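A short reminder: the numbers here are calculations on the coordinates, not readings from a lab. In this text the structure is predicted, and so the values were computed from the model without any measurement. Quick reminder, even Gly has a Cβ in these numbers, built from the backbone with ideal geometry, and neighbours come from all protein chains shown.
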Amino acid sequence: MSEPVAVLMRKAPYGSVYTAEGFRSTMGIGVFEMDLSVVFVDDGVYALVKGQNPAGLDMKPLGDGFPMLPDFGVSKFYVHDQSLSERGLKADDLVMDVEIIDDAGVARVLESCGIVLPF
Amino acid sequence: MLYTINKSPLMFGNLKSALRIAPADDPILLYEDGVYAAAKGAASEDTIRQALEQHPVYVLQADIEARGLTSLVDGIQVIDYDGFVELVEQHHVVPWL
């Protein structure tokens, strides 16, 4: 069994390529059946907001992809509570059910993974 | 876990964000533009002083020399590339990019 991996998402979607690349990496790691946690902190939480429609940017809605990831073997999604509340968001505003965790919770998830991939 | 910061503390929130998450005693490494957080007299000085109360803070020598930083906040440990490698050998890395 390989070491557990955390994908750490800290950036907003659309403004840069990070969210899309983080999503692609997550799907790829999931396909290889590795133990994977996806952690959303800071502007990373915006990737999960409902109702994204980037048609005017000629881009695909990134939020729609995440709820499909359990089909690819990825089931551990964590969202930092303060990052949500600072942005006026609640769990209901997100595209999928996630585990909401505090500062120490984020640290524990990262600690439990040998490898942290930052996006 | 070793939390690594490579962005200027005055342009980006990376340092403060990492400090919010990093548990006490976990080491912090400043490199690339992250080393500006080590500068004495910068507006970020209070932040790094608070960090030093809870964490060992390291700064990469080549990056402070490249930027002409000579006056560092007391308590920050200057390390060279070998020291960087040692830290990475001893800890899993959380790159707070």
Six or more apart or on different chains, Cβ under 6 Å: which pairs go from a residue in region A:57-85 that's free of Cβ contacts under 8 Å to residues at least 24 places away in the same chain to one that's part of a helix (DSSP H, G or I) and not small (G, A, S)? Could you list them? A:P61/A:P54
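Out of A:V17, A:V38, which single residue is within 14 Å of chain B (Cβ to nearest Cβ) and either touching a Pro at 6+ places or on another chain (Cβ under 6 Å) or farther than 21 Å from B:L15 by Cβ (or both)?
Details: A:V38 fails: within 14 Å of chain B (Cβ to nearest Cβ).
Only one candidate qualifies: A:V17.
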One residue is enough: does region A:3-22 have a residue meeting the conditions aromatic (F, W, Y) and either free of Cβ contacts under 8 Å to residues at least 40 places away in the same chain or at positive phi (or both)? yes
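So that you can scan it fast, the table gives a plain yes or no per residue for (1) at positive phi; (2) under 10 Å from the mean Cα position of the chain (by Cα); (3) crowded, with 21+ Cβ neighbours inside 10 Å:
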| site | (1), (2), (3) |
| --- | --- |
| B:L29 | no, yes, yes |
| B:A42 | no, no, no |
| B:E45 | no, no, no |
| B:L69 | no, no, no |
| B:Q77 | no, yes, no |
Candidate set: region A:96-119, residues that are over 22 Å from A:L69 (Cα atoms) and at the interface with another protein chain (Cβ under 8 Å from one of its Cβ atoms); chosen: the one surrounded by the most Cβ atoms within 10 Å (Cβ to Cβ): A:A107
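Does region A:18-59 hold any residues that are among the hydrophobic types (A, V, I, L, M, F, W, C), outside any helix (DSSP H, G or I) and either surrounded by fewer than 22 Cβ atoms within 10 Å (Cβ to Cβ) or out of contact with any His (no Cβ under 7 Å at 6 or more places or on another chain) (or both), and which are they?
Passing the criteria: A:F32, A:M34, A:L36, A:V38, A:V39, A:V49, A:M59.
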In region A:65-86, which residue that is loosely packed, with under 15 Cβ neighbours inside 10 Å and more than 12 Å from chain B (Cβ to nearest Cβ) is farthest from A:A47 (Cα to Cα)? A:D71
